[in-house]
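The values are calculated or read from the model by the stated rules, or taken from the named source; none is laboratory data. As the structure is a prediction and not an experimental result, all values here were calculated from the model. Cβ placement follows ideal geometry from the backbone for every residue including glycine, while neighbour counts extend to all protein chains displayed. Just the protein is used for accessible areas: all its heavy atoms, side chains included, with ligands, DNA and RNA removed. Shrake-Rupley method; radii C 1.70, N 1.55, O 1.52, S 1.80 Å.
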Amino acid sequence: MTNSFMNAALDEARRASERNEVPVGAVIVYQNKIIARGGNRTLELSDPSAHAEVVVIREACESLNSQRLNDCDLYVTLEPCTMCAALISFARIRRLYIAAEDAKGGGVLNGVTFYNHPTCHHAPEVYSGLQESLAAELLKTFFRTRRGNN
């Protein structure tokens, strides 16, 4: 099941790429069903906070009519930045599944490692590397075509 949920997140990353957004996709799973799906929308919405994680957390909270997503799992194709790591904590996401790590901009396994700080009130279980090569290739292809290095 885990791979199928990450595959759905990868589909959302591909859709983001088709909109000329950085190809990051995410889904939220509750009771073994996807209740929210989306990808980056920062350009489309002219909103620097419209990362894939923000988009799906907002949708899931609305769907469950709650600011807490205690029994939900988040699948995302790229390691969340610090902003998204904080939001994941505030939403009380149960488990976080990450495809590819982000050594430069990540805030979970790299960078500030948000969940390791004593001021972090909630840390999800974190799993990394699920469908990593597919997610990394989507990103590499996206940036290669924009830099003209086909």
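Listing for the model above:
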quantity	calculated
Unique residue being surrounded by 20 or more Cβ atoms within 10 Å (Cβ to Cβ) and not acidic (Asp, Glu) when the list is Val108, Val112, Val126	Val108
Single match in Thr119, Thr113 (criterion: at pLDDT below 95 and among the hydroxyl-bearing types (Ser, Thr, Tyr))	Thr119
Residue match in the stretch 71-82 (condition: among the aromatic types (Phe, Trp, Tyr) and either open to solvent by less than 50 Å² (accessible area, probe 1.4 Å) or in contact with a Phe, Trp or Tyr (Cβ under 7 Å, 6 or more places away or on another chain) (or both))	yes
Qualifying positions in the stretch 15-67 - part of a loop (DSSP other than H, G, I, E, B), touching a Ser or Thr at 6+ places or on another chain (Cβ under 6 Å) and of a type in the set (A, V, I, L, M)	Val24, Ala50
Residue count for the stretch 106-150, restricted to those that are under 18 Å from the mean Cα position of the chain (by Cα) and of a type in the set (D, E, K, R)	4
Selection count where residues are in contact (Cβ under 8 Å) with a residue 40 or more places away in the chain, within 17 Å of the chain's Cα centre (by Cα) and either closer than 21 Å to Gly106 by Cβ or open to solvent by 50 Å² or more (accessible area, probe 1.4 Å) (or both), scope the stretch 29-68	2
All positions within the stretch 12-28 that are farther than 27 Å from Arg68 by Cβ and either acidic (Asp, Glu) or open to solvent by 10 Å² or more (accessible area, probe 1.4 Å) (or both)	Arg14, Arg15, Ser17, Glu18, Arg19, Asn20, Glu21, Val22
Residue match in the stretch 47-70 (condition: of a type in the set (D, E, K, R), closer than 23 Å to Gly129 by Cβ and in contact with a helix residue (DSSP H, G or I) (Cβ under 6 Å, 6 or more places away or on another chain))	yes
Residue that is nearest to Gly105 (Cα to Cα), among those in the stretch 69-94 that are assigned to a loop (DSSP other than H, G, I, E, B) and acidic (Asp, Glu)	Glu79
Selection status of Leu138, buried (at least 21 other Cβ atoms within 10 Å of the Cβ) and not in a helix (DSSP H, G or I)	no
